[in-house]
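Contents: one structure, followed by commentary.
Coordinate-derived values only; no laboratory data. Bear in mind the structure is a predicted one, so any value in this text is a computation, not a measurement. Positions of Cβ are backbone-derived with ideal geometry, glycine not excepted, and every protein chain shown enters the neighbour counts.
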Amino acid sequence: MVILPKLRCPNCGKGMGPIKAKEVPPANTYDECLRRCPRCRIGATNAKSFSKIKFIYADGVPKPPTQATPPQEAAEQDAAPEEAAPQDAPPDKP
Ligand SMILES: [Zn+2]
C-alpha cells in the first residue's frame, strides 16, 4: 500500500489527497493522476516526493504563465591565460 501525501491545488489551494493506492502508476495525463482537483481540472503526478511531483492540466485548462527563466549559465571560469613559456633563444648562427 502506498500513500501519496496531501497536496494543495496550485490554482485554488484545495487539498488533494492523501490518497492510498495499491499501485502507483506513472501519471502522464490528468486522468492518470490519483490526486486531482476536479474543480480546476489539475492533477498531480503520482510521485511520492514533493520535488518530483508535477501538475498536469487537463485538456482545455489554461496553464498559468510560467516565467521563462533560462537556467543560469555556470559562470564561465576564465582560466588565467597560460603564459607562454619563455623559449630559449635560438642559438645564433654563425
Ligand atoms: Zn483547484
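Worth pointing out:
- Candidate lysines - alpha carbon under 22 Å from K20, same-chain residues fewer than 8 apart omitted: K6, K48, K52, K54
- Additional length obtainable on full extension of the chain from E32 to F50, 0.36 nm per residue less Cα span: 4.7 nm
- Ordering of 12-19, 34-41, 48-55 by burial proxy (mean other Cβ atoms within 10 Å per residue, highest first): 34-41, 12-19, 48-55
- Pairwise label distance in nanometres, R8 with K63, each label 7 Å out on the Cα-Cβ vector: 2.3 nm
- Contact order, relative form, for the range 2-57: 28 percent (alpha carbon pairs under 8 Å, 6 or more residues apart, mean separation divided by residue count).
- Inter-label distance for K20 and E82, nm, one decimal - labels placed 7 Å from Cα along Cα-to-Cβ: 6.6 nm
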